[in-house]
Amino acid sequence: MSAVASSSTTLPISGFPAGVDVHWETRRRVVWNEQEHTREEHELVYEISWIKELDLWRCFLRSQRKVTS
């Protein structure tokens with residue numbers, strides 16, 4: 001099971017030059033819990049930004065949490 005939610009906004013974040021496109025994507029993934037030997041659904045939040053000098057998108061995993069419902 002996989003779901004993707006995306007929100008897009010340009011924010012004035014320190015460390016990024018003006019006009020950089022930064023947005024976040026939330027994805028739900030089923031992952032394997034090695035300690036409990038079970039499958040769990042997790043929500044993963046990625047920060048995605050455009051690197052103008054390299055002409056490519058950069059993607060960071062910013063947070064993850066277990067979905068409880």
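What follows is calculated from the coordinates using simple rules that are stated; it is not laboratory data. Treat the numbers as computed from the prediction; the structure is a model and nothing was measured. Backbone-built Cβ (ideal geometry, glycine too); neighbour counts: all protein chains shown.
Cβ-Cβ contacts under 6 Å between residues 6 or more apart (or on different chains), taken from a first residue in the stretch 50-69 that is free of Cβ contacts under 8 Å to residues at least 60 places away in the same chain to a second residue that is basic (K, R), are listed as I51/R58. State all residues of the stretch 50-69 that are touching a His at 6+ places or on another chain (Cβ under 8 Å) and surrounded by 11 or more Cβ atoms within 10 Å (Cβ to Cβ); if no residue qualifies, say none. If the condition is that a residue be touching a His at 6+ places or on another chain (Cβ under 8 Å) and surrounded by 11 or more Cβ atoms within 10 Å (Cβ to Cβ), then Q64, V67 are the ones that fit.
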